[in-house]
Amino acid sequence: MPNLTIYNQIKNELHGKNVTLVVVSKNQPTSSILTLYQSNQRIFGENKVQDLCEKYNKLPKDIEWHFIGHLQSNKIKAIAPFISLIHSVDSKELCLKINTEAAKNNRVINCLLQVYIATEQTKFGLTPAQIINFLSLGFAQKLSNIRICGLMGMASNTNSFEQINSEFKALKQLFDTCKLQFFSEDNYFDTLSMGMSADYKIALACGTSMVRIGSILF
Ligand SMILES: *Cc1c(COP(=O)(O)O)cnc(C)c1O
C-alpha cells in the first residue's frame, strides 16, 4: 500500500520547482495505483510491456502511462495506442519502429533519449557523444509520428553523493547543450527525466524537470 504521507511530502517538495512526478508502479498491484489516483496522481511509470498493458486495461483511462524500461521493438505495437511518454529510446531502429506504430494509430508519441551516464556496464542508453551525434544527423527530428521531448538518465548505483552529483550535473549540461544546438525553437523539448527514490533530492538541486519515484512511496 502506498504511504500517502510520503507521497504528499514529495508532491510539496516538487511543486515549487515545477518538477513532474512519475510514480513508478512496477511490481505494484492496481489497488495501490488506485489509492494514489484518488489522491490525484495521474502519471505512472512501468518497465514491462505486459504488466503495463494489463494495468492500462484495468485502470481509469485518464492515467498517463510512461514506459521507463528497456523496450524491445516487437513490443511497441502493444503500447502504441495509449503510451504518453517513452523514456528509454536509445537507437535509430527503435525511433523508426515507434514512428511506424504511432502512425498506424494516428498518434505522435513523445519520447526521451536515454543517456548512459553511470559507470556500470549494465545500464542501457547512448553516451553523451552518441546523443550529440544522433541529434546532429537530424534523423529522429524528421520522423513525423514521434517527438523527441528531452533526455532521461540514471545515476550510478552508489552511496557517493559526489559521484551522483557530478553525473546529474553532466546530464543537465548535456540537456542544455542539446536544447541550444538542436531544439532552441521547439518548446516541446523541455523534459529532463532524472532522479529516483534514492537520489531525487540531488536531481532537484541539479535542475531535473521530471523524477521517477517508486520504492519510497510503497
Ligand atoms: C524502478 C525504476 C525507477 C524507480 O526506482 P525507485 O528506486 O524504486 O524509486 C526509476 N527509473 C527506472 C528506469 C526504474 O527502472
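The values are calculated or read from the model by the stated rules, or taken from the named source; none is laboratory data. Just so you know, these numbers come straight off a predicted model, no measurement behind them. For neighbour counting, all protein chains shown are included, and Cβ atoms are generated from backbone atoms with ideal geometry for every residue, glycine included. Side chains included, ligands, DNA and RNA excluded: accessible areas come from the protein's heavy atoms. Shrake-Rupley method; radii C 1.70, N 1.55, O 1.52, S 1.80 Å.
Considering the Cα trace of the chain, what is its radius of gyration and what is Dmax, both in angstroms?
Spelled out, the Cα radius of gyration and Dmax of the chain are 16.6, 46 Å.
How much of the accessible area of the chain, probe 1.4 Å, is carbon plus sulfur, in whole percent?
Carbon and sulfur: 49 percent of the exposed surface of the chain.
Would you mind telling me which residue in GLY16, GLY138, GLY45 has the biggest mean-square fluctuation in a Gaussian network model of the chain, where springs connect alpha carbons within a distance under 10 angstrom?
GLY16
Rounded to the nearest 20 debye, what is the charge dipole size of segment 59-155 about its Cα centre when +1 sits on each Lys and Arg Cβ and -1 on each Asp and Glu Cβ?
Its charge dipole is roughly 300 debye.
Considering every Cα-Cα pair within segment 77-147, what fraction, in whole percent, is farther apart than 17 Å?
Summing the P(r) tail past 17 Å for segment 77-147 gives 42 percent.
Based on the alpha-carbon set only, what is the convex hull volume of segment 38-124 divided per residue, in Å³?
111 Å³
With runs of 4+ DSSP H residues as the only contributors, calculate the mean residue ellipticity of the chain at 222 nm using -39,500 (n - 2.57) per run, divided by the residue total and rounded to the nearest 500.
Result for the chain: -12000 deg cm²/dmol, rounded to the nearest 500.
Over all directions, average the projected area of the Cα convex hull of segment 147-218 and note it in nm².
Approximately 5.1 nm², given one-decimal rounding.
With the cut-off at 23 Å, tell me which of the pairs LYS172/LYS201; LYS17/LYS201; LYS17/LYS142; LYS17/LYS58 have Cα atoms farther apart than that.
From the list (LYS172/LYS201; LYS17/LYS201; LYS17/LYS142; LYS17/LYS58), the Cα-Cα distance tops 23 Å for LYS17/LYS142; LYS17/LYS58.
Hey, what's the chain come to in accessible area per residue, 1.4 Å probe, Å²?
48 Å²
With a 10 Å cut-off between alpha carbons and a GNM built on the chain, which of PHE183, PHE175, PHE139 moves the most?
Per the Cα network of the chain with a 10 Å cutoff, PHE139 tops the list.
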